1. Note the full-extension length gain between S69 and S23 as 0.36 nm times their separation in residues minus their Cα-Cα distance, in nm to one decimal.
2. Counting only pairs 8 or more places apart or on different chains, how many lysine pairs in the chain have C-alpha atoms closer than 25 Å?
3. Among the DSSP beta bridges whose two residues both lie in the chain, what percent are antiparallel, rounded to the nearest 5?
4. State the label only: which of (1) 1.09; (2) 0.95; (3) 1.67 corresponds to Rg/Rh (Cα atoms, Kirkwood Rh) computed from the shown model?
5. Over region 48-138, what relative contact order in percent results from Cα pairs under 8 Å that are six or more residues apart?
6. To the nearest 20 debye, what is the magnitude of the charge dipole of the chain about its Cα centre, counting +1 on the Cβ of each Lys and Arg and -1 on the Cβ of each Asp and Glu?
7. Helix 2-32 versus the longest principal axis of the chain: what is the Cα-based angle in degrees, 0 to 90, to the nearest 10?
Amino acid sequence: MLQSFLRKEIFVLRKLALLTTASLLLVPAAALAKGKPAKPAKAGPKGVMYVLKGSLSAYTPANASTNGSITIAVDKANNHARSLRGSSLTFALTAQTKVRLDTDGTIADGERGLVKLKAPRKTDATALQAIPARQVIDQD
């Protein structure tokens, strides 16, 4: 009976020693842990994409030293630009503007195409024209 009591005592002491050791190891790990990681910075300006489709004209390509421009007579537009349908708008083109030309390699007056730009919601036509286009796609 004494032996079984001692075995139980030893078993309990071993459990206690194991739990104590585990808790001592967890305390430094918790102390070294840092708070939540910082949120990554959001890329690009906030806003919505305006997609304008219509006849392109007055295309001047941009180069490293000067900005170009393009004019579009808007026939169709996405939901954000629906108020611009039927108007003619001119946008600046920078060196960062992506221009995709069709097979003839130029944008002639009257060719169909798209102009995309990002701006805050509900921007009027005048303020929208001050923002350079992100992408121009020649579809003819």
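1. 9.8 nm
2. The result is 24.
3. Restricted to the chain, the bridges split so that about 90 percent are antiparallel.
4. Only one option fits the structure, namely (3).
5. Rounded, it is 35 percent for region 48-138.
6. Taking the Cα centre of the chain as origin, the dipole is about 1300 debye.
7. 30 degrees
Each value in this text was obtained by applying a stated rule to the coordinates, not by laboratory testing. Only a predicted model underlies this, so the values are computations on that prediction, with no experimental measurement involved. A quick note on method: Cβ atoms are made from the backbone with ideal geometry, for glycine too, and the neighbour counts reach across all protein chains shown.
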